[in-house]
Amino acid sequence: MKVAVLGAGPAGLYFAISMKRRNPAHQITVVERNKPDDTFGWGVVLSAETLDNLAANDAVSAAWIRDYFAYWDDIAVFHKGVRTVSTGHGFCGIGRKRLLLLLQRRARDLGIDLLFETEIDDPRPYMQSHDLVIAADGLNSRSRAAFAEVFKPDIDVRKCKFVWLGTRQKFDDAFTFIFEETEHGWVWAHAYQFEPETATFIVECSEETWAAWGFGEMSREESIATCERIFAKHLGGQPLMSNASHLRGSAWINFPRVLCERWSHKNLALMGDAAASAHFSIGSGTKLALESAVALADYLHSEPTLAAAFEKYESARRTEVLRLQSAARNSLEWFEEVERYLDLDPVQFNYALLTRSQRISHENLRLRDPEWLGDAEAWFQRRAGNSENVHRTPMFAPFALRDLKLKNRVVVSPMAQYKAVDGCPTDWHFAHYAERAKGGAGLIYIEMTCVSPEGRITPGCTGFYAPEHEKAWKRLVDFVHGETEAKICAQIGHSGPKGSTQLGWQQMDAPLPDGNWPVMAASEVPWSPNNQVPKAMDRADLKKVRDQFVASAEMAARCGFDMLEIHAAHGYLLSSFITPLTNKRTDQYGGSLANRMRYPLEVFEAVRLVWPAEKPISMRISATDWVEGEGITPAEAVEIARLLQAAGVDICDVSAGQTSLRARPVYGRMFQTPLSDRIRNETGMATMAVGNIYEPDHVNSILLAGRADLVCLARPHLADPYWTLHAAATLGDRDVQWPNPYLPGRDQLYRLSERTVTQGMRV
Ligand SMILES: Cc1cc2nc3c(=O)[nH]c(=O)nc-3n(C[C@H](O)[C@H](O)[C@H](O)COP(=O)(O)OP(=O)(O)OC[C@H]3O[C@@H](n4cnc5c(N)ncnc54)[C@H](O)[C@@H]3O)c2cc1C
Ligand SMILES: Cc1cc2nc3c(=O)[nH]c(=O)nc-3n(C[C@H](O)[C@H](O)[C@H](O)COP(=O)(O)O)c2cc1C
C-alpha cells in the first residue's frame with residue numbers, strides 16, 4: 001500500500017511505524033513542515049499501562065522510550081502557602097522532542113521516508129497519488145478544514161489562557177501544581193520533570209487575569225519575564241524558557257476542544273489531535289494519538305476494505321475518545337472555575353483538585369495514598385463536629401441545621417408513590433417509609449405532599465389538607481422517631497400546570513382519561529399541547545395557595561416532622577413562577593428574576609412564620625432548565641440561591657430540569673452535582689446534591705470535595721431501602737446502627753464482606 005502521512009507528530013510517526021511493522025512492503029512517506037528537531041512543547045505524560053500497550057505493538061520503540069522515562073509518584077499542591085503532597089499516582093513522562101526523535105529514528109530504521117520542511121496546504125493531491133492518506137496534522141489540521149463539510153468539526157475554544165514553558169528548576173519529586181494570587185488575579189502552573197535537566201512548566205490563568213496583566217500586548221520575552229516574577233519563589237532563580245518559536249506573539253493560547261462527526265473521507269482518515277483533542281490537564285493527548293495509530297493499523301490489516309477498516313476504527317476509538325474527553329472536560333472546567341475553590345481549606349482544595357476529572361474516586365485515592373486520605377477524612381469529620389471516630393468516611397459525618405442533627409449525610413430523596421387514596425397515605429406509605437427509615441440514611445423524605453386536592457399531581461398523590469392525612473403521617477413520624485435514628489422531612493408542594501395527570505407508571509404528565517380538575521400556574525402556559533391550559537393565578541389565588549402552604553406546614557409541624565422542604569422545582573406551581581419559560585406575567589410576579597422569585601419567597605416567608613424556629617426549611621429548585629439560550633441557567637441558579645439564602649432558607653436542594661419539554665439534559669454519573677457545587681461554593685449556602693448518584697464512592701467524593709453538604713439518592717433507595725447499611729458493610733464501617741432484630745443478618749453480612757476484602761483492598 002502506498003501511504004502518505006501528513007504530520008510527523010506522535011500520531012503520524014507512530015502510525016507509520018505500526019503499518020510498517022505489520023507489512024514491510026508498505027511504501028510510507030511522512031510529510032512534516034518542521035525540521036526534524038524543531039518541535040514545540042516540553043514533556044508529555046504517559047502511563048506505564050500505555051507503554052505496555054505500545055510494547056505489544058512495537059517492542060523496539062517502547063524499549064527506547066522506556067529508557068528515557070521519568071517516573072514520579074507524588075502530586076504536590078501549593079495553595080495558600082501550604083504545600084500538600086499525596087502519593088501513589090504513578091505517572092511517567094518523556095520529553096516531546098525526545099519522543100519524536102526516537103520515533104523518527106525507528107521510522108527510518110524500518111524504511112519509512114521522512115520528508116521534513118514540507119508544508120501541506122491541501123491533502124487532495126496526496127489523496128490522488130496515494131492509496132491511503134493519514135491526516136495527523138494536529139489541532140489546527142488543514143486537512144480537516146479542507147473537508148470540513150464532511151468531518152463537521154466542533155471546535156470549542158475554552159476560557160483559560162495558557163502557555164507551555166520549560167525550566168531547569170527541579171520538580172523531580174512531584175507533579176506540582178502551584179496557585180499564586182497576583183495583583184491581577186490567580187495564575188497557576190502545572191509543573192513536572194521529564195528529563196534530568198528540564199521540567200515542563202505550563203502557566204495558566206483566566207482570560208480576565210491574562211488581559212489585566214496585558215500578556216496579549218507583551219512580546220514572548222516580556223511574557224516569560226512576567227511569569228518568572230509571578231512564580232519567582234518556586235523557580236530558585238532558574239529562568240522559564242519557550243521553544244514555541246513557530247508561534248507568533250506571546251505564545252499564549254486558548255485550548256481548543258476538537259470533536260468531529262466523522263473521521264474519514266474517501267481514502268483519508270483523521271488521527272490524533274486532528275480528530276479529537278483532550279485537555280493537557282489529564283495528560284492524555286499523546287496516549288490517544290498513539291493508541292489510535294495502533295488501532296487503525298490493526299484494522300487496515302484485519303478488514304477486507306479501506307472503508308471497513310475506517311468504520312471499525314471510528315466506532316472502536318470514538319468510545320474511548322469520548323470517555324477521555326468527558327474526563328478532560330471535567331478537568332478543564334475545574335481549572336476554568338478554580339477561583340471558586342481557592343478559598344477552600346487546603347485539604348479540601350487538594351482533594352477537589354485530585355478528583356476533578358471524576359476518574360479518580362474516593363476509594364481509588366485510598367489505594368494510592370491511604371495515609372493522606374485518612375488525614376483528609378479526619379479533617380472532614382473534625383470539621384463536622386465529630387472528634388471521636390475521625391476515620392469514618394465522609395458520608396458518615398454528622399450534619400446539623402438549626403437544631404436538627406443528622407447522624408450521616410445520606411438522604412432518601414423524595415419519591416412520589418402514587419398510592420394515596422383521596423390524598424391520604426395508606427399502609428403502603430407506612431411500610432415503604434418505615435423500611436427506608438430503618439435503612440441507615442440520616443434523613444428520609446416523604447414524597448411531594450400536596451397542599452390541596454387540586455394541588456395534587458395525580459389522584460394517587462398524598463396530601464396535607466385533611467385530618468385523616470395528619471393522623472396517617474403522624475403514625476409514620478412516631479414510628480420513625482420511636483424505632484430508628486433517622487430524621488424525617490416533609491416535602492410540600494403544589495402541582496400547578498402539571499396537575500391532574502396520570503400515575504407515574506401510567507402516561508406520566510398526561511391528563512387523566514376522565515375526572516380532570518382545573519389547574520393553575522404563573523401564566524397560561526400548558527405543560528404540553530395535550531395538557532390543560534392553566535389559569536394564570538390572580539391575587540386571590542396567590543393568597544389562597546400561600547395560605548394552603550401555611551396550613552400544610554402547620555399540619556406537618558403537628559405531625560412532628562423534623563424538617564420541611566418547599567418544592568419549587570420540576571415545573572410545578574412555584575417552579576412555574578421561577579422559570580421564564582412558563583412565567584409570562586407582566587405584574588410584579590413576572591419579568592426580572594427578583595419578580596419571578598417574589599411568590600416562592602412569599603410562600604416561604606409565610607411558612608417560616610408557622611414552622612418551629614428550631615427546625616430547618618429547605619427549598620428544592622431546578623438549577624437549570626437545560627434549554628439552551630433560554631430559561632434558568634446555572635449562573636442564574638446562583639442568584640436564586642442568594643435570594644433563598646437572604647430570605648433565611650437553610651439549605652438548597654439542587655435538582656434540575658423537568659420544567660420544559662424542550663429540555664436537553666446531558667445525563668451521566670452525578671450529572672447535576674456541578675450545579676450544587678457551583679451554588680455552594682459561590683454563595684456559601686448549604687446544598688444537597690441529587691441525580692444519578694448511586695455508589696458510596698460518589699457520595700464520599702462529593703462531600704469531601706465540598707460539592708454538597710448532603711447527598712440525596714432516589715432510585716437507589718427504591719432498589720435497596722438499606723442502601724446506607726449496605727454501603728457501610730462494603731466500606732468496612734462497623735459503626736452504623738442496625739435495628740436490633742436484624743443483628744444476626746448484619747453479622748453474616750459483615751463476615752461475607754470481610755471474605756471479599758482481598759489484600760487490604762475494600763471492595
Ligand atoms: C500545553 C500542552 C501540554 C500537553 N501535555 C501533554 C501531556 O502531558 N501528555 C500528553 O499525552 N499530551 C499532552 N499534550 C497533547 C499532545 O501534545 C498532543 O495531543 C499530541 O501531540 C497529539 O499528537 P498529534 O500527532 O496528533 O499532533 P501534533 O503533535 O500536534 O503533531 C502534528 C504535526 O503535524 C505538523 N503539521 C501541522 N500542520 C502541518 C502542515 N500544514 N504541513 C506540514 N506539517 C504540518 C506539525 O508541525 C506537527 O509536527 C499537550 C498539549 C499541549 C498544547
Ligand atoms: C418514582 C420517582 C418519584 C419522584 N417523586 C419526587 C417527588 O415527589 N418530589 C421530588 O422533589 N422529586 C421526586 N423525584 C425526583 C427524585 O427525588 C430525584 O431528584 C431524581 O430521581 C434523581 O435522583 P436519582 O438519580 O437518585 O433517582 C422522583 C423520582 C422518582 C424516580
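The values are calculated or read from the model by the stated rules, or taken from the named source; none is laboratory data. What you see is a predicted model; the values in this text were computed from it and never measured. Ideal geometry is used to build each Cβ from the backbone, glycine not excepted, and the neighbour counts take in all protein chains shown. Each accessible area value is taken on the protein alone, full model and side chains, heavy atoms only, with ligands, DNA and RNA left out. Shrake-Rupley method; radii C 1.70, N 1.55, O 1.52, S 1.80 Å.
In region 364-518, carbon and sulfur make up what percent of the accessible area (probe 1.4 Å)? Before the final figure, lay out each step's value.
Values: 3040 of 5970 Å².
Carbon and sulfur: 51 percent of the exposed surface of region 364-518.
Give the shape of region 179-261 as rounded, prolate or oblate, defined through the alpha-carbon gyration tensor: a ≥ b ≥ c are the square roots of its eigenvalues, a/c under 1.5 means rounded, and otherwise the shape is prolate if a/b is larger than b/c and oblate if not.
On the way: a/c = 1.44, a/b = 1.13, b/c = 1.28.
Because its axes are fairly even, with a/c under 1.5, region 179-261 counts as rounded.
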### Solvent-accessible area, 1.4 Å probe, carbon plus sulfur percent, for region 621-763
52 percent
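Could you grab the relative contact order for the chain? Cα pairs under 8 Å, six or more apart, rounded to a whole percent. Intermediate results must be reported in sequence, preceding the final value.
Values: 1598 pairs, mean separation 70.4, N = 763.
Relative CO of the chain lands at 9 percent.
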## Note on the structure
The FRET efficiency for ARG402 and VAL157, from their Cβ-Cβ distance with R0 = 60 Å and rounded to 0.05, is 0.85
### Query
Among rounded, prolate and oblate, which fits region 640-696 when a ≥ b ≥ c are the square roots of the eigenvalues of its C-alpha gyration tensor, a/c under 1.5 means rounded, and a/b larger than b/c means prolate?
oblate
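Rounded to the nearest percent, how much of the accessible area of region 122-214 (1.4 Å probe, protein heavy atoms only) is carbon and sulfur? Intermediate results must be reported in sequence, preceding the final value.
On the way: 1870 of 3700 Å².
Of all accessible area on region 122-214, carbon and sulfur atoms account for 50 percent.
Taking square-rooted eigenvalues a ≥ b ≥ c of the alpha carbon gyration tensor, is region 1-61 rounded, prolate or oblate, where a/c under 1.5 means rounded and, failing that, a/b exceeding b/c means prolate? Kindly include the intermediate steps, with their values, before the conclusion.
Details: a/c = 2.88, a/b = 1.07, b/c = 2.69.
Cα axes put region 1-61 in the oblate bin.
Cβ under 14 Å from ASN34's Cβ, ASN34 left aside: what net charge do those residues give with Lys, Arg +1 and Asp, Glu -1?
Values: positive: ARG33, LYS35, ARG96, LYS97; negative: GLU32, ASP37, ASP38, GLU117, GLU119, ASP137.
Around ASN34, the charge tally is -2.
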### Accessible area expressed per residue, the chain, with surrounding protein chains retained (probe 1.4 Å, Å²)
39 Å²
### Summary
For the chain, longest principal axis from Cα atoms; helix 427-438 axis from its Cα atoms; angle between them, nearest 10 degrees, is 50 degrees
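Just to confirm a number: summing +1 for Lys and Arg and -1 for Asp and Glu over residues other than GLN672 whose beta-carbon lies under 14 angstrom from that of GLN672, what do you get? Please report the intermediate quantities before stating the final value.
Numbers: positive: ARG620, ARG669, ARG678, ARG680, ARG707, ARG715; negative: ASP625, ASP653, ASP677.
Once positives and negatives cancel, what remains is +3.
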### Task
For the chain, just the Cα set please: Rg and Dmax, both in angstrom.
29.7, 89
